[in-house]
Number of protein chains: 2
Amino acid sequence: MLRTHTCGELRLDHINQEVTLAGWVQRVRNKGGLIWVDLRDRYGLTQLIFEEESSEKELLEKAAILGREFVVQATGMVVERTSKNDKIPTGSIEIKVTALEVLNAAKVPPFIIEDETDGGDELRMKYRYLDLRRNVVREKLQLRHKMMQETRKYMDAQNFIEVETPVLIKSTPEGARDFVVPSRTNPGEFYALPQSPQTFKQLLMVSGFDRYFQIVKCFRDEDLRADRQPEFTQIDCEMAFVDQEDILSTFEGLTKHLFSTVKGVELEEVQRMTFADAMRLYGNDKPDLRFDMKFVELNPIAKGKGFGIFDDAELVVGICAKGAAEYTRKQLDALTDWVKRPQIGAKGMVYAKYNADGTIKSTVDKFYTAGDLRAWAEAFNAEPGDLMLILSGEANKVRKQLSELRLKMGEDLGLRDRNVFKPLWVMDFPLLEWDEETNRFHAMHHPFTSPKKVDIPLLDVNPGAVRANAYDLVINGVEIGGGSIRIHDRATQQLMFKHLGFSDEEAQKQFGFLMEAFEYGAPPHGGIAFGFDRLCAIFGGSDSIRDYIAFPKNNSGRDVMIDSPSSIADEQLTELSIQLAVKK
Amino acid sequence: MLRTHTCGELRLDHINQEVTLAGWVQRVRNKGGLIWVDLRDRYGLTQLIFEEESSEKELLEKAAILGREFVVQATGMVVERTSKNDKIPTGSIEIKVTALEVLNAAKVPPFIIEDETDGGDELRMKYRYLDLRRNVVREKLQLRHKMMQETRKYMDAQNFIEVETPVLIKSTPEGARDFVVPSRTNPGEFYALPQSPQTFKQLLMVSGFDRYFQIVKCFRDEDLRADRQPEFTQIDCEMAFVDQEDILSTFEGLTKHLFSTVKGVELEEVQRMTFADAMRLYGNDKPDLRFDMKFVELNPIAKGKGFGIFDDAELVVGICAKGAAEYTRKQLDALTDWVKRPQIGAKGMVYAKYNADGTIKSTVDKFYTAGDLRAWAEAFNAEPGDLMLILSGEANKVRKQLSELRLKMGEDLGLRDRNVFKPLWVMDFPLLEWDEETNRFHAMHHPFTSPKKVDIPLLDVNPGAVRANAYDLVINGVEIGGGSIRIHDRATQQLMFKHLGFSDEEAQKQFGFLMEAFEYGAPPHGGIAFGFDRLCAIFGGSDSIRDYIAFPKNNSGRDVMIDSPSSIADEQLTELSIQLAVKK
């Protein structure tokens, strides 16, 4: 090693030892005959000192020309500092340097490499290797490392086998777009990159692997919304001979294990809620349970009092913001404008303040008596000091709008604490959802999800009402994982493909191998996949996944650091038997 | 769970407990009023018993129609067997079944699902999910699982950070062919799949990650020789502030850890050998050290005695096969024919038997006296009973031929025991090797390998003589890993590209980001990558990697199970702005 110690480990115990450190120059302070250098590596920061009286002249000259981010090796004696720095673990000592070697010089970096940086997003993406030098960024990837190791420890202890499934697979247009890979040796044919290892993990269950997991890259060629990446990582799992309850308890166990070992947080039991309740009470299939503020439906008491907007609405529904009665008129107007923005789309908002003096003041006093409003307050369980916010309209739309408003109020009132974690199982999802664009039903999760047995008769008469054995893990309003009990027999799988609009031929061409596998003794099975990038971001207290990925792509799917994608040589195209349909 | 216990865990202790098992029907023996069923899962085999006297009639009828590979759930009492089977851990008990449910029927499988199968290669590939049911196959993947977990445990304990590098990167035609991925959002441009994460792991060193590892899929679009796969897995590692010795000791540590924890084998210190010695003594840069049989060069004593073939040869070199003097004339003729096959390419072979009576009998007695032959025997350190085998010709060629012969003799004499492990570091590889086809030097490892400092002056005058700071880990004649100390400054990297025939522009276009990174404070660093599939095969005692991959491709790069690669829809091609250059 080019060092005897790292820059993070020297303490008073080491005084009078000769040590050699290697690292990056973080800062140089030059007082003429006295030079201090802060030397940095992944493990910490140690102060080097060069003194005129004790050092040779050349050494001082060498130190004087050190620039930021130079890579150096320094040998010297550990001495006690006269003025200690209690902000860093090595702050009691410094190194009186007797030999210095510059291992590599550095140009002035394009942005400041400290926790607070002056670099903009694009610049930091282009020089990602420099951005990764900043402690705050590197620590996010160290968190990710820890999450991976602890995930595997738990899964291994639970008898899961880690199996690598193939990356070069077959294109199946159902779902999102595939990335494809032209085959040179099979001209005109293509591999596809997996959107998930779904069919392979099901085949492993058919193989009797019993419990499978993998932390695996998956790929989706989608138009990138903010905070989506074309390649992302999943914790992918499958179990045989289980029912839903077994999967929930196994992965509740994983979640608790990760919180306990990585964050030192002991979670309580994970709450559970049906999809129907989540939509009714929070207008959202991934409710943020860090705060209550449940929806209260007001149809019986708000309708029929002559207020036309409510009278015409399918649903009148509101939330009660605790202690927000003191919102000013200006704040309330701003809130009304906020819900009327096109992104939210409400036509307006009614509010009622439950004042400290017990009176209730609403924007619709014209239509409602004090007694009416008191009935509202009772419905909301409101107390003096609370603010009731009410939207109305078509049920599905108004729930979505109120969900946004609820989240905003939670944010404004400081109820969405990044250090509080409220995981939730959302269950009993619909099997199918109607797609306006293609004018047919799509699988809400994927075509391999099993319908609830009692609902199968509904498939022909009311497909939208069929519930699936499907569940999502939600933490703080973010969908972290989702899974289901799968179909494990050919007949049901064929029925499912039929309802999704596959011809028998299409189903056979794309998934014939899976349906055939089901005929050779497939056990009941189910599983789950966690979005690992997002799980890491939640643990790190971030909204964005990008910083939790070592080398992310930008919103156009480009890696601006290596400049990819890029053109390839004509010979490569020829070998692959493809041509460009565009001019280069 | 659909079971209370697995099929591998019940013992005499469980007698009189009611249990529920689930699994596959391995075998049914029907004696009329008495039916035995062997039920199998990943954990073992348990015998079920159905008796006329104690079971209801319907139960017996249900059991009677069970076929091989049916999936069933059985509930019953654990009872002691009258005739125990000490070949399986559950052999002391059986289950007196009181309830049976068929969870799934099974068609008769296309081959026998037992350790010995009647299925041919192609059939087992097509029904890989059934082949994986066989214990001997599944155990190979369980070994792989164990290897992965232990690798990570060791690396984590050594402070390595696991970082996932991107899969969608940039095509760099140097090296093998890339698989490429057309970008939909950047028409005419392509991503490439990584042949290795080489440049990214070097950037992580520039970022100060200090120690990186990853178990990662890599991709090479090569014409598949036997036992190559287009996608394969590497244990990929890199360390900063190290010299070669640090890397060798760290990964010797990993190797020992794996042998100890996975195989219970405590390795001795890993031997070391220079590339030059490996070629001189074994004719091979990956010598199998499970047996000695070193090359002995005979030029001084074999030439100049009138035997023209030796006189004209650049090198006369042989091996001594201990105790093989009793080979018959027929065996020796067969051996001579073997070395003369085109795959080996020797012109002929000279041998000399050191008989038990002390006489030496050779095929060239005409030219050599008894004294001459005794001098040969001395050079070989031969004893009575040994057989000396000698080839001659152009040095490089004859070494290669003799290496093949040495391996064959080792095999024939039973010296290549699969339960003996002899790891070896081969060091000081040449930096460059001459490529006859392109008529220029290529990087022997890759363009990022650093030359030995003392040899840099040779770059201009004798490039082939420049040694690299490169090393391979070889186990039992198989290359398991390879790595090097890297170049970490722009000037040397540019010099290297120049010697590899890159124009400045090409070098900049492909690797500009890396060379630029070297200007911002790159630490000295180096690393290694292990071929994980092959490492697993060595641990499992196999020559073939295919069984250690869950879903391998065949020799034409096809996945015959899912039938991939395959054609894709015209709309997909259009969206990707490409056209086929072949008719579909």
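Quick look at the numbers
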quantity	calculated
Tensor-based shape of region A:1-84 (alpha-carbon gyration tensor, a/c under 1.5 rounded, otherwise prolate or oblate)	oblate
Total charge dipole magnitude, the protein assembly as shown, about the Cα centre, Cβ charges on Lys, Arg, Asp, Glu only, Debye to nearest 20	140
Cβ-placed point charges (K, R +1; D, E -1), dipole of region A:291-412 about Cα centre in debye, nearest 20	280
Positive dipole terminus of the protein assembly as shown, leading residue within B:78, A:396, B:165 (C-beta point charges)	A:396
Whichever lysines have a C-alpha closer than 20 Å to that of residue A:84, once near sequence neighbours (fewer than 8 apart) are set aside	A:31, A:96
Dipole axis of chain A (+1 Lys, Arg; -1 Asp, Glu on Cβ), positive-most option in A:93, A:219, A:65	A:65
Cβ-placed point charges (K, R +1; D, E -1), dipole of chain A about Cα centre in debye, nearest 20	1020
Within chain B, helix-based [θ] at 222 nm, where runs of 4 or more DSSP H residues each add -39,500 (n - 2.57), nearest 500	-8500 deg cm²/dmol
Whole-Å distance, taken between Cα centres, linking region A:1-65 and region B:315-367	66
Residue mean of other protein chain beta carbons inside 10 Å, A:103-111	4
Cleavage-rule hits, GluC sites (Glu not before Pro), region B:423-514, DSSP coil, Cβ neighbours within 10 Å at most 12	B:436, B:437
Highest average packing first - B:251-259, B:38-46, Cβ atoms within 10 Å	B:38-46, B:251-259
FRET efficiency, 1/(1 + (r/R0)^6) with R0 35 Å, evaluated for residue B:583 and residue A:436 via beta carbons	0.40
Fraction of the pair-distance distribution of region B:357-465 above 19 Å, Cα-Cα pairs, percent	68
Length-normalised contact order for region B:12-104 - Cα pairs under 8 Å, 6+ apart - percent	33
Centre separation in Å (Cα based) which lies between region A:531-581 and region A:463-505	29
For chain B: rounded, prolate or oblate by the Cα gyration tensor [a/c cutoff 1.5]	oblate
Label distances, nm, residue A:342 versus same residue in remaining copies, Cβ-directed 7 Å point	7.2
Full-stretch length increase - residue A:51, residue A:341 - with 0.36 nm per residue and alpha-carbon distance subtracted	97.9 nm
For chain A: relative contact order, % (alpha-carbon pairs under 8 angstrom, 6 or more apart)	12
Per-residue average of Cβ from other chains inside 10 Å of A:549-556	4
Average partner coverage of B:191-200, which counts Cβ from other chains inside 10 Å	3
Label distances, nm, residue B:114 versus same residue in remaining copies, Cβ-directed 7 Å point	7.5
Per-copy distances of the residue A:57 label point, shortest first, in nm (7 angstrom along Cα→Cβ)	11.5
Listed peptides B:82-88, B:566-572, A:423-429, B:232-238 by packing density, highest first (mean Cβ within 10 Å)	B:232-238, A:423-429, B:566-572, B:82-88
Set A:146/B:498; A:126/A:256; B:303/B:452; A:217/B:422; A:140/A:286 screened for pairs whose C-alpha atoms are more than 30 Å apart	A:146/B:498; A:126/A:256; B:303/B:452; A:217/B:422
Rounded if a/c under 1.5, otherwise prolate or oblate - the protein assembly as shown, Cα gyration tensor axes	oblate
For region A:226-266 versus region A:143-216, the gap between their alpha-carbon centres in whole angstrom	16
Neighbour net charge for residue A:55 - beta-carbon separation under 12 angstrom, K R +1, D E -1	-3
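Each reported figure results from applying straightforward, stated rules to the coordinates on display, with no laboratory input. Quick caveat, the model's predicted, so the values are computed rather than measured. Backbone-built Cβ (ideal geometry, glycine too); neighbour counts: all protein chains shown.
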